[in-house]
Amino acid sequence: MLHPLAQELNATLKGTVTGDMLSDEGLRIYFPKGIIAQSAEAKTHAKTANATIGTTVVNGTVAILPCIQNRAPSLTPQEFVSYAPTAGTMELRNIWKSKLAVKNPGLAKKNISTPIVVPGLTAGIACIAELFLNKRTPLLIADPSWDNYALIVETRCGAKLHQFKMFKNGAFNIEGFEKAVAKEAKTGFVRMLLNFPQNPSGYSPTSGEAEKICAIIKNAAKAGARILVVSDDAYFGLNYEDSIEKQSLFAYLSDIHENVLAVKIDGPTKEDFVWGFRCGFITFAWKGASENQYRAIEQKLTGLIRSTVSCCSTPAQSIILKAFEDPALEDQKAYYRKILEKRYRKVLEFVKSRKSKVVSPLPFNSGYFMSLHLNGVDAETLRTKLLNERGIGTIAINSSTLRVAFSSLDENKIETVYSAIYEIAESLAN
């Protein structure tokens, strides 16, 4: 028997694309009206004393050890060591929502949920998997893809990854994607994750490709399939070519059809160069969603957070919030993005000039990475020799794909690294 609160949330979502696509766990989950909910209420109404939450308060202020306070002189105790709300600091959530519309003008007048704070984008993906995947529900992703998807989806959730070849003739494989979507749609449901800029390839679709991707999704929805599209936007905005679609696909999918549930997973991790903060956001959108329905799915997500990590890092949220108030932020981000673009140009120049029957670059135009396809050479063997003989670390994505993170290579090391990759790969093939 489902908990009454879960039943209430399910009833609110009944008949919507979101309600129809929930996993078994997604149906069971709810946000309890317990300590956290009662504490939130007390913050508003307990004017004399608030004895609801397990923190130490002295003279009306959260207590803090001086040795901790001295490490972060700009933060108040409340900003530094107090518990954050389970769904995240409300001010930060609202600011991130407003920033989404600035970075994606197509969202300016669209009805989307208020972003929920999660402890990093990986946790965000795991939460969505728990909400919408069962052993009987596959997730469609590209090939190649980030290895953590398999760990989350297959190992933890017991679901299956279905993959389509991402590239054809040096571009996004529109035909392969369309066939894969059509095949999934025969079941009545399509669950997919699209990651741009992509890890491991470092590819983002052109404006024309993005338009075709959205059209394929819309056509499948119009034909009756219920569709979940998760946009893993971890590297959003790190584009190095003018032809790339500047907006997230979420901007177009957020109200494309009543049968499409769009989910955006993003955060400051890469966008704002704070990798270790482990702070991300999840935003929902579907055409015709009411505020009550958004609150229902937000409560389910908040229940997952409450039942795992309880809440996300307070100092990370506080520092990010303060950074967003700094007028110098965008200029500082642009400085580092320019460094990344210069590295990208250097890598692009090298692989264009180096012809090989053994090593060929997959298309790349954005993000932190690029990948090399190997012909007749095992990627793990190459990775090991690079590491042991040249002291160069790379990632073997699968038996024929080697990923190189140019984001972590100083420009003066790029030629050395790539020369070694080609040299050793070619020696292994002989």
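The values are calculated or read from the model by the stated rules, or taken from the named source; none is laboratory data. If you're wondering where the values come from, they're calculated on a predicted model, not measured in any experiment. Positions of Cβ are generated from backbone atoms using ideal geometry, with glycine treated the same way; all protein chains shown enter the neighbour counts. What goes into the accessible areas is simple: the full protein's heavy atoms, side chains included, and nothing from ligands, DNA or RNA. Shrake-Rupley method; radii C 1.70, N 1.55, O 1.52, S 1.80 Å.
Structure values in brief
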| read-out | value |
| --- | --- |
| Strands (runs of 3 or more DSSP E) fully within the stretch 367-406 counting 2 or more residues that are farther than 19 Å from R354 by Cβ and modelled with pLDDT under 90 | 395-398 |
| Residue in the stretch 186-205 that is at pLDDT 95 or above, assigned to a strand (DSSP E or B), farther than 21 Å from L121 by Cα and hydrophobic (A, V, I, L, M, F, W, C) present | yes |
| Test: P327 is part of a loop (DSSP other than H, G, I, E, B), more than 22 Å from S427 (Cβ to Cβ) and under 27 Å from the mean Cα position of the chain (by Cα) | yes |
| Selection status of G124, on the phi > 0 side of the Ramachandran plot and either buried (at least 21 other Cβ atoms within 10 Å of the Cβ) or not acidic (D, E) (or both) | no |
| Boolean, A425 is open to solvent by less than 30 Å² (accessible area, probe 1.4 Å), of a type in the set (A, V, I, L, M) and either over 22 Å from the mean Cα position of the chain (by Cα) or on the phi > 0 side of the Ramachandran plot (or both) | yes |
| Any hit, the stretch 188-204, residues being out of contact with any helix residue (DSSP H, G or I) (no Cβ under 8 Å at 6 or more places or on another chain), surrounded by fewer than 18 Cβ atoms within 10 Å (Cβ to Cβ) and without any contact (Cβ under 8 Å) to a residue 24 or more places away in the chain | no |
| Residue check for E258: at pLDDT 95 or above, closer than 30 Å to K333 by Cα, among the charged types (D, E, K, R) and open to solvent by 10 Å² or more (accessible area, probe 1.4 Å) | no |
| Filter pass, I244 being at pLDDT 95 or above and more than 19 Å from R93 (Cα to Cα) | yes |
| Any hit, the stretch 273-283, residues being part of a helix (DSSP H, G or I), free of Cβ contacts under 8 Å to residues at least 12 places away in the same chain, open to solvent by 20 Å² or more (accessible area, probe 1.4 Å) and closer than 30 Å to I414 by Cβ | yes |
| Any hit, the stretch 396-410, residues being open to solvent by less than 50 Å² (accessible area, probe 1.4 Å) and over 24 Å from A171 (Cα atoms) | yes |
| Members of the stretch 79-108 found to be at pLDDT 90 or above, open to solvent by 10 Å² or more (accessible area, probe 1.4 Å) and not aliphatic (A, V, I, L, M), listed by number | T89, E91, R93, N94, K97, S98, K99, K103, P105, G106 |
| Candidate set: the stretch 312-342, residues that are open to solvent by less than 30 Å² (accessible area, probe 1.4 Å) and out of contact with any Lys or Arg (no Cβ under 9 Å at 6 or more places or on another chain); chosen: the one farthest from M90 (Cα to Cα) | L340 |
| Given (1) open to solvent by less than 40 Å² (accessible area, probe 1.4 Å); (2) under 27 Å from G120 (Cα atoms), number of the condition L372 does not satisfy | (2) |
| Filter pass, A150 being free of Cβ contacts under 8 Å to residues at least 24 places away in the same chain, out of contact with any helix residue (DSSP H, G or I) (no Cβ under 7 Å at 6 or more places or on another chain) and closer than 28 Å to S313 by Cβ | yes |
| Single residue of K413, K346, K385 found to be surrounded by fewer than 20 Cβ atoms within 10 Å (Cβ to Cβ), basic (K, R) and within 25 Å of A171 (Cα to Cα) | K346 |
| Of all residues making up the stretch 215-233, the number that are open to solvent by 10 Å² or more (accessible area, probe 1.4 Å) and either in a helix (DSSP H, G or I) or touching a strand residue (DSSP E or B) at 6+ places or on another chain (Cβ under 8 Å) (or both) | 7 |
| Residue selected from the stretch 109-146 under the condition part of a loop (DSSP other than H, G, I, E, B) and in contact with a Gly (Cβ under 8 Å, 6 or more places away or on another chain), by the criterion modelled with the highest pLDDT | P115 |
| Enumeration of residues in the stretch 137-187 that are surrounded by fewer than 16 Cβ atoms within 10 Å (Cβ to Cβ), within 17 Å of S204 (Cβ to Cβ) and among the small types (G, A, S) | G170, A171 |
| The stretch 1-35, subset among the small types (G, A, S) and modelled with pLDDT under 90, residue nearest to P138 (Cα to Cα) | S23 |
| Residues located in the stretch 257-295, provided they are of a type in the set (A, V, I, L, M) and either over 19 Å from V230 (Cβ atoms) or in contact with a His (Cβ under 6 Å, 6 or more places away or on another chain) (or both) | V274 |
